[in-house]
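Take a look at the structure below.
Since every read-out is calculated from the coordinates, none of them should be taken as a lab result. Computed from a predicted model, the values in this text were never measured in an experiment. Quick reminder, even Gly has a Cβ in these numbers, built from the backbone with ideal geometry, and neighbours come from all protein chains shown.
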Amino acid sequence: MLLASTVIILIFLGFVIFNSQESQPKVEGMSTSWLFSGIRGSKTVTTASVSGSVIESKLTETSADAGNLDLSLNDKTINVMATGHTRADQEITRRINALNNLITRINAMVKVSDSQKSALTSQVQAIIANLQSLKTKIDADTNPATLLADKKSIVVAYRVFVFMIPKVTIISNADKILDLAALLQAKNPSTAAAAKISDAITQANNAISTVSALDPSGWPGNRAALVSARQMLKTALGDLRSAWTIMKAATPTATP
């Protein structure tokens, strides 16, 4: 029964490790068009940037009409900024939701130490708090250039999709490997199988150590470390598959 359930776990875990990382967006936030919503065209609708010919043509209008022109232009600017605020808020909310899901995954880990889980949770919670503060600032932005800079920081300062999710996924998968290795060790494997299990444990722990201290500010320089850690997990999974094959071969065939 253990061996049958083990192969199911190995197949599932292999799918997760080989595919979960590649499923992450290749570009932070999937599309960067939202960065410029509320920004493009803002220079053409502000009173200060109306062309001289337009201003001159309005000199013959009544003062009331001129006032209406200014009000109309300012309304357009307000609408453009409001769109920018809305899109930024949506992107922040999307990231906060993803980060809260990461905390759930961290809490579900069973082999990673409490101190490691606590440090990882604190990192995620700090990013959530910073994004919430950034949302407050963005909602108060009145200058298009300031709004654009703040919207860009949603991506470049936190790297939720290209860095934080892959980092936690690596640690979560390593935790699953360590848990499965413990199950196999409990069945008194042969020397050959035990060696494979031991190497899987080493690889999984090395993967955790490789990414634990990394933070978003190191992107894209720390991408190589994520790739390296993922390869360690693939090696660990291969070790467990080999151990399972050895143990299965050593299991006596039941006599009918």
Among residues of segment 92-116, those that are surrounded by 13 or more Cβ atoms within 10 Å (Cβ to Cβ), over 17 Å from the mean Cα position of the chain (by Cα) and of a type outside the set (V, I, T), counted: 3
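Being over 13 Å from L237 (Cβ atoms) and buried (at least 23 other Cβ atoms within 10 Å of the Cβ): is that true of K196 here?
Numbers: over 13 Å from L237 (Cβ atoms): no; buried (at least 23 other Cβ atoms within 10 Å of the Cβ): yes.
It is false that K196 is over 13 Å from L237 (Cβ atoms) and buried (at least 23 other Cβ atoms within 10 Å of the Cβ).
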What's the number of the only condition in (1) in a helix (DSSP H, G or I); (2) within 20 Å of the chain's Cα centre (by Cα); (3) crowded, with 18+ Cβ neighbours inside 10 Å that M247 fails to meet? (2)
Quickly run through segment 118-138 and pick out the residues that are surrounded by fewer than 18 Cβ atoms within 10 Å (Cβ to Cβ) and either of a type in the set (D, E, K, R) or under 30 Å from A182 (Cβ atoms) (or both). S118, A119, T121, S122, Q125, K137
Residue that is free of Cβ contacts under 8 Å to residues at least 24 places away in the same chain, within 20 Å of I106 (Cβ to Cβ) and hydroxyl-bearing (S, T, Y), where the choices are S209, S198, S172: S209
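So which of L237, L214 is on the phi < 0 side of the Ramachandran plot, of a type in the set (A, V, I, L, M, F, W, C), touching a residue at least 12 places away in the same chain (Cβ under 8 Å) and assigned to a helix (DSSP H, G or I)?
Details: L214 fails: assigned to a helix (DSSP H, G or I).
Unique residue meeting the criteria: L237.
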State yes or no: is A225 within 23 Å of M247 (Cα to Cα), touching a residue at least 12 places away in the same chain (Cβ under 8 Å) and in a helix (DSSP H, G or I)? no
